[in-house]
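Since the structure comes first, as C-alpha cells, the remarks are kept for the end.
Rule-based calculations on the coordinates, nothing more; no lab input. Bear in mind the structure is a predicted one, so any value in this text is a computation, not a measurement. Reconstructed Cβ throughout: ideal geometry from the backbone, glycine too, with neighbour counts over all protein chains shown.
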Amino acid sequence: MIWWDGVRDARVLEYNDDAILLERATADRSLVAMAQEGDDGAASLIATEIPGKANR
C-alpha cells in the first residue's frame, strides 16, 4: 500500500512494525445511509466495486 501512495487504496499516513495508520475515506453520503434511505442497490454496487479496483 505504501508503494501505491493512495492510487488504489487508502494512503498510508504512518506505519511501524506493529501498526499502520491509513487515511479515512469520506464522502457526502455513507453507504449505510444510502441503504437505509432505500438506495441499497447503489450502495451495494459501490461496496463491491472498491475491492475489485484494489486488485487490478
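Sorted by average packing, counted as other Cβ atoms within 10 angstrom per residue and highest first, what order do 10-19, 37-46 take?
Put in order of decreasing packing, that is 37-46, 10-19.
Extension gain ASP18-LEU45, at 0.36 nm per residue separation less the Cα-Cα distance, in nm?
Full extension of this stretch gives 6.4 nm more.
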